[in-house]
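*Asks:* What follows is a single structure, and I will ask about it in a moment.
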Amino acid sequence: MAYTIFGDKGSGAFSAEAVLAEAGAPYEFHFVSLEKNEQKKPEFLAINPSGKMPALRLPEGEVITESSAILLTVADHFPNARLLPPQAGAARAQAYRWLAFMASEIYPMVEVSDYPERFAPEGAEAEALRQKARERIRERLVIVERFVAGPWFLTSGFSILDIYASMFTRWRGSIGKEWLAEGHIPKLEAISKGVSQRSAIAPVWARHFTR
Ligand SMILES: N[C@@H](CCC(=O)N[C@@H](CS)C(=O)NCC(=O)O)C(=O)O
């Protein structure tokens, strides 16, 4: 039985697909279009009532949402893939820390940047809010950048943190292309390059991020 990912290209579904590919797990990708707002249709709301992707159906039928929970679950299911540092060590604690930081401090700002009219009246106020959200994302990426060990996120080597962090660096519309071009996050950009070149992830990366 395979895992089933629900999501769109270039979305948080990248992280779910990349971790399954890296683990060598069998999976299917069920396409849900953000452009057509399919994440708000009853069929998808039955899978994730919050109307957000990714969602992952496990082989036993259980549905998991929240990208960070998906990454942790797949890392647990495939211990031999060593997608997390050893349990109870310092590197493992740092992995939890930064996964939680990106999921709780950065990801929610992406919604504000992409859909500011959900939080402020449409027009100038929503646009001003979008700019504020972009600033918060940038400020928080710079905090992450300071911690990154290089060549991977953690000193212990490649992990789910690299998959997660690299995904955020691709969201140019949410962050601002000009700022990204200024080179504020070179270590995170290097991680993205490394993730994009991993043999199992390269085709996934190309499908999600190459136009
Ligand atoms: N807390 C969720 C956030 C997921 C999320 O915001 N996903 C975006 C796509 S990258 C989405 O589905 N946006 C559509 C919407 O908000 O309507 C997670 O960590 O997976």
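*Asks:* Which of the residues belonging to segment 81-101 are in a helix (DSSP H, G or I), among the basic types (Lys, Arg) and surrounded by 13 or more Cβ atoms within 10 Å (Cβ to Cβ)?
*Replies:* Result: ARG92, single match.
*Asks:* If you take the residues of segment 92-114 that are closer than 23 Å to SER156 by Cβ and in contact with a Phe, Trp or Tyr (Cβ under 7 Å, 6 or more places away or on another chain), which of them is farthest from the ligand (Cβ to nearest atom)?
*Replies:* By that ranking, first place goes to TRP98.
*Asks:* Right, here's the next one. Is it true that LEU56 is in contact (Cβ under 8 Å) with a residue 60 or more places away in the chain, in contact with a Phe, Trp or Tyr (Cβ under 7 Å, 6 or more places away or on another chain) and surrounded by 14 or more Cβ atoms within 10 Å (Cβ to Cβ)?
*Replies:* No.
*Asks:* For segment 47-74, name all the residues that are more than 7 Å from the ligand (Cβ to nearest atom) and assigned to a loop (DSSP other than H, G, I, E, B).
*Replies:* ILE47, ASN48, PRO49, SER50, LEU58, PRO59, GLU60, GLY61, GLU62 - these are the residues of segment 47-74 that are more than 7 Å from the ligand (Cβ to nearest atom) and assigned to a loop (DSSP other than H, G, I, E, B).
*Asks:* How many of the residues in segment 115-140 are assigned to a helix (DSSP H, G or I) and within 16 Å of the ligand (Cβ to nearest atom)?
*Replies:* Here the count works out to 11.
*Asks:* Something else: What's the number of the condition SER104 fails, among (1) surrounded by 13 or more Cβ atoms within 10 Å (Cβ to Cβ); (2) under 15 Å from the mean Cα position of the chain (by Cα); (3) of a type in the set (S, T, N, Q)?
*Replies:* (1)
*Asks:* Taking the condition of being within 13 Å of the ligand (Cβ to nearest atom) and out of contact with any helix residue (DSSP H, G or I) (no Cβ under 6 Å at 6 or more places or on another chain), how many residues in segment 3-30 meet it?
*Replies:* So the answer is 4.
*Asks:* Any chance you could count how many residues in segment 160-209 are under 17 Å from TRP98 (Cβ atoms) and touching a residue at least 40 places away in the same chain (Cβ under 8 Å)?
*Replies:* Result for segment 160-209: 14.
*Asks:* Restricting the first residue to segment 1-30 and requiring it to be under 16 Å from ALA69 (Cα atoms), which pairs with a second residue that is of a type in the set (Lys, Arg) and assigned to a strand (DSSP E or B) meet a Cβ separation below 7 Å and a spacing of at least six or different chains?
*Replies:* From segment 1-30, the pairs are TYR3/ARG57; THR4/ARG57.
*Asks:* Next question, about the same structure. Of everything in segment 17-46, what is assigned to a strand (DSSP E or B) and either more than 16 Å from MET1 (Cα to Cα) or in the same structural domain as GLU111 (by TED's automatic domain parsing) (or both)? Give them in sequence order.
*Replies:* Within segment 17-46, just PHE31 meets the criteria.
The values are calculated or read from the model by the stated rules, or taken from the named source; none is laboratory data. Just so you know, these numbers come straight off a predicted model, no measurement behind them. As a convention, Cβ positions derive from the backbone with ideal geometry for all residues, glycine included, and neighbour counts pool all protein chains shown.
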